[in-house]
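**Student:** Submitted below is the structure of interest, expressed as structure tokens.
Nothing in this text is a laboratory measurement; each read-out follows from the coordinates by a stated rule. Just so you know, these numbers come straight off a predicted model, no measurement behind them. Positions of Cβ are generated from backbone atoms using ideal geometry, with glycine treated the same way; all protein chains shown enter the neighbour counts.
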Amino acid sequence: MSAPSTAVLHRREQSAQAASILLYGVFGLLLFGPLAFGAVEAWSIFLLEAATTALFSLWVVKQVLDGEVKVRWNPLFLPMAAFGSLILVQLVFRVTAYPHDTVAIIFEYFCYGMLCFLAGQTLLRGSQARSLALIFSLYGAALAAFSLLQGISPNGRLYWVRLPRMGGWIYGPYVNHNHYAGLMEMLVPIPLVLSLTRLASSKARAAAASAAAVMVGTIFLSGSRGGMLAIVAELVILAVLLIKQKRGLRTAIGIGVFMALVIGILAWIGGGELSRRIATVSPERSEITSDLRANINRDGLRMFLKRPVLGWGLGAFPVVYPQFRTFYTNFFVNEAHNDYLQLLIEMGVLGFGTMLWFLITLYRRAIKKIGKWEAEMSGAVALACLLGLSGILVHSAVDFNLQIPANAALFYVLCTVAASDSFAQPARKRRAVRTKPPEEVLTQEQALPQSATNF
């Protein structure tokens, strides 16, 4: 066989560079969103959508350089496509009460879909996942440290510079402290799971545990009760998993002690203010009260019953809700403060059913991979993603984190990663398998997922 030509080698080099840009570009956008106040403003949404489109164009160029189109399938793509089809039905048949907002939200969801697709095509190896875990752990710890510092010396401005247009309860780069907590709920399991595995050195595991402790601490200090409930749910799920596997009872007890120490330190640092926040349902700052949430939920159910099949249209809730509001308030109710209820209102039973299809597929795929999470990167990544997603799903029952672009984009990408095929084995491990006796090779191949043996 003749050696590859210079042109072929150049194309391969360009393709490899494009793959690296795609990988870190996609996950870099996920880190950008929270820093841009959650990407809730027009300029940040535009940047998110434009950058995602540019990355997708780069992926197309990479396929041209490779000379073939390679698409890594993910079972979540089917319910995602079905959800998109329902939105198109709302527009084509004029089901939506306000087409302008529906079209605007379509672009956001299309952006989420492209990010999910690109993440699935670029995150292929365990070494990549390890690097990203380190980056996200450092990012989460740095953001938590900044938020802690800002909480100690607040001046009512974002980054101590920008005054929010409509007020709010600032914590970190978010106007709403609940949305900061939602972000941390998804990030905390990354260093936490890493600290419990055998995939890093003892120093790295200790550093990861410290990062997780700081991040958990800021969830409590933010004052978000939904965030507190979510992070406790994540730790309970992890403890139950460890006990069920019958090999981590000591670790599970350690997590419980760790959480007790965190709460004790927080109660000492936060003082009476944190204790009152946990004990009471009345707000101490500008925030929707529990009574108002109950009223919104009651009115929202009436909205759903009016159009139960296809809903009022994606993004139409704030336009339609004033017709059903039964109480007086100075607040502009732009969200239902319950992601599940808002999905029922805007997308009806069909949209809600698509969401259930999505979540069932996600959990079935991810649970299959977490059996050897302590020693395999695929299992560790699936477990970290699953814990973070479970936390945000708990929080979504009392808030609207999934209506915030930065949090929603991270949520959907973590879903895609959790449900993807197992990572490719390193070359040295494949060679080690080939040198073993035939019986051991057969046993090891049977234990691997089909997608892993194909590499």
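**Student:** From the Cα gyration tensor of segment 381-420, with a ≥ b ≥ c the square roots of its eigenvalues, which class applies: rounded if a/c is under 1.5, or else prolate if a/b is larger than b/c, or else oblate? Please list the in-between numbers first.
**Tutor:** Values: a/c = 3.11, a/b = 1.49, b/c = 2.09.
Because a/c hits 1.5 or more and a/b fails to exceed b/c, segment 381-420 counts as oblate.
**Student:** Another question, if that's okay. Taking 0.36 nm per residue of separation and subtracting the Cα-Cα distance, what length does fully extending residue 160 through residue 72 add?
**Tutor:** Values: separation 88, 0.36 × 88 = 31.68 nm, distance 4.40 nm.
Gain on extension, residue 160 to residue 72, equals 27.3 nm.
**Student:** To continue, here is another question. Please report 45, 370 as a ranked list, fewest other C-beta atoms within 10 angstrom at the top and most at the bottom. Each step should come with its number before you reach the end.
**Tutor:** Values: 45 19, 370 23.
Ordered from fewest to most neighbouring Cβ atoms within 10 Å, 45, 370 come out as 45, 370.
**Student:** What list of ³J(HN,Hα) couplings, whole Hz, do you get for segment 127-136 from phi and the Karplus terms 6.51, -1.76, 1.60, once you set θ to phi - 60° and write x for glycine and proline?
**Tutor:** Along segment 127-136, the couplings run 5, 5, 5, 5, 5, 5, 4, 5, 4, 5 Hz.
**Student:** With r as the distance between the Cβ atoms of residue 138 and residue 328 and R0 = 51 Å, compute the FRET efficiency 1/(1 + (r/R0)^6) and round to 0.05. Each step should come with its number before you reach the end.
**Tutor:** Values: r = 47 Å, r/R0 = 0.92.
Efficiency computed from Cβ-Cβ geometry: 0.60.
**Student:** Another one. Fewest to most neighbouring Cβ within 10 Å: what's the order for 13, 185, 234, 108? Can you show the working numbers first?
**Tutor:** Details: 13 11, 185 33, 234 24, 108 19.
Listing 13, 185, 234, 108 from fewest to most nearby Cβ atoms yields 13, 108, 234, 185.
**Student:** Whole number please: convex hull volume per residue of the Cα set in segment 75-424, in Å³?
**Tutor:** Cα-based convex hull of segment 75-424, divided per residue, equals 137 Å³.
**Student:** Return the sequence-ordered ³J(HN,Hα) values of segment 101-118 in whole Hz as given by the Karplus equation 6.51 cos²θ - 1.76 cosθ + 1.60 applied to θ = phi - 60°, using x for Gly and Pro.
**Tutor:** Karplus values, whole Hz, x for Gly and Pro: 5, 4, 5, 4, 5, 4, 4, 5, 5, 5, 5, 4, x, 5, 4, 4, 4, 5.
**Student:** List 157, 130, 165 from most exposed to least, where exposure is judged by having the fewest other Cβ atoms within 10 Å. Walk me through the numbers before you get to the answer.
**Tutor:** Working: 157 12, 130 18, 165 8.
The most exposed by this proxy come first: 165, 157, 130.
**Student:** Suppose a student asked you for the relative contact order of segment 13-172, using Cα pairs under 8 Å spaced at least 6 residues apart; what percent would you report?
**Tutor:** On the way: 86 pairs, mean separation 39.5, N = 160.
That works out to 25 percent.
**Student:** Any idea how many Lys pairs in segment 75-424 come in under 23 angstrom at the alpha carbon, given 8 or more places apart or on separate chains? Let's see the in-between values first.
**Tutor:** Details: 203/372; 244/368; 244/369; 244/372; 246/368; 246/369; 246/372.
Step by step, the pairs that qualify in segment 75-424 add up to 7.
**Student:** Please give me the summed charge of the neighbours of residue 336: other residues whose Cβ is under 15 Å from its Cβ, Lys and Arg +1, Asp and Glu -1. Don't skip to the end; give the middle numbers.
**Tutor:** Values: positive: 293, 298, 302, 306, 307, 325; negative: 101, 299, 335, 339, 346, 399.
Summing Lys and Arg as +1 and Asp and Glu as -1 gives 0.
**Student:** 7 Å from Cα along Cα→Cβ at both residue 53 and residue 349: what's the point-to-point distance in nm?
**Tutor:** If labels sit at residue 53 and residue 349, their model points lie 3.8 nm apart.
**Student:** Sticking with this one: From the backbone phi of segment 76-85, what are the Karplus-calculated ³J(HN,Hα) couplings (6.51 cos²θ - 1.76 cosθ + 1.60, θ = phi - 60°) in whole Hz, Gly and Pro given as x?
**Tutor:** Those phi angles translate into 6, 5, 5, x, 5, 5, 5, 5, x, 5 Hz.
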